[in-house]
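Everything below concerns the one structure shown next.
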Amino acid sequence: MNKTKLRSKIFKLRKNNSFKKLKLYPERIFSFLKKKKINFKSVGGYYPCNYEIDDLELLNFLRNKKLSISLPIIGENNQMDFFEWKNNDPLKINKYGINEPISVKKIDPDIIFVPMLAFDADLNRLGYGGGFYDRYLDKISKIKKILKIGLAFSYQELKKIPSNKHDKKLDFIITEKTIIQ
């Protein structure tokens, strides 16, 4: 099955399962990162939309651990960067209907939480097809080492995700049930 058909199939699956209040467990994720001895001070998250797994509780938990939190802004030429976001900071809706921070303080996060439509056990992800995260991960990896963590529901796992040279593998995938390494 090609990526376009997979996207449509998984998006419908996610929408049909949106009534399930599946959630991430911030304490478990933080403990996992500490056990891995991963040193980080800043985290790039996302503001959930389109029935994505909600990372806001996780971001608030990490903010309470004194970490800097940022969200993506899609700028000129569809380039994405991350900007500081605090709890009560206002957000604006971009041309794709996604909430973005208004902040002007750009942050190159140490860890980035990546939303996705589907994933496989080989740490491949299927995004929406715009290439925003793949381009960003390619750009940031030339500046610094960044830990790439995909967040998804366990039912979004597929046997195999078709990939090409532009697709960036993740370091871990976290679902409401497990952590894939």
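The values are calculated or read from the model by the stated rules, or taken from the named source; none is laboratory data. Note that the coordinates shown come from a computational prediction; the quantities given were computed from them, not determined experimentally. Positions of Cβ are generated from backbone atoms using ideal geometry, with glycine treated the same way; all protein chains shown enter the neighbour counts.
Couple of notes before you dig in:
- Just one residue in the set Tyr96, Tyr128 is under 14 Å from the mean Cα position of the chain (by Cα) and not hydrophobic (A, V, I, L, M, F, W, C); that residue is Tyr128.
- Test: residue in the stretch 128-148 that is part of a strand (DSSP E or B), crowded, with 21+ Cβ neighbours inside 10 Å and touching a helix residue (DSSP H, G or I) at 6+ places or on another chain (Cβ under 8 Å): yes
- Some residue of the stretch 107-128 being among the β-branched types (Val, Ile, Thr) and either modelled with pLDDT under 95 or under 16 Å from Asn78 (Cα atoms) (or both): no
- Number of residues in the stretch 149-181 that are outside any strand (DSSP E or B) and either in contact (Cβ under 8 Å) with a residue 60 or more places away in the chain or within 24 Å of Lys9 (Cα to Cα) (or both) equals 22.
- Test: residue in the stretch 129-148 that is in contact with a Phe, Trp or Tyr (Cβ under 8 Å, 6 or more places away or on another chain) and of a type in the set (Asp, Glu): no
- Evaluated against (1) closer than 20 Å to Arg14 by Cα; (2) without any contact (Cβ under 8 Å) to a residue 24 or more places away in the chain, Lys142 falls short on exactly one condition, (1).
- Scanning the stretch 105-127 for residues that are of a type outside the set (A, V, I, L, M) and either in contact with a Cys (Cβ under 6 Å, 6 or more places away or on another chain) or in a loop (DSSP other than H, G, I, E, B) (or both) yields Lys105, Asp108, Pro109, Asp110, Asp120, Asp122, Asn124, Gly127.
- The residues of the stretch 123-175 that are touching a Leu at 6+ places or on another chain (Cβ under 9 Å), over 22 Å from Lys21 (Cα atoms) and β-branched (Val, Ile, Thr), listed by number, are Ile146, Ile161.
Results for (1) touching a Leu at 6+ places or on another chain (Cβ under 6 Å); (2) β-branched (Val, Ile, Thr); (3) under 30 Å from Pro162 (Cβ atoms); (4) without any contact (Cβ under 8 Å) to a residue 12 or more places away in the chain, shown as yes or no for each residue.
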| site | (1), (2), (3), (4) |
| --- | --- |
| Asn2 | no, no, yes, no |
| Lys5 | no, no, yes, yes |
| Ile10 | yes, yes, yes, no |
| Leu13 | no, no, yes, no |
| Leu22 | no, no, yes, no |
| Pro26 | yes, no, no, no |
| Lys34 | no, no, no, yes |
| Asn39 | no, no, no, no |
| Gly45 | yes, no, yes, no |
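- Residues of the stretch 51-81 that are more than 13 Å from the chain's Cα centre (by Cα) and among the polar types (S, T, N, Q): Asn60, Asn64, Ser68, Asn77, Asn78, Gln79.
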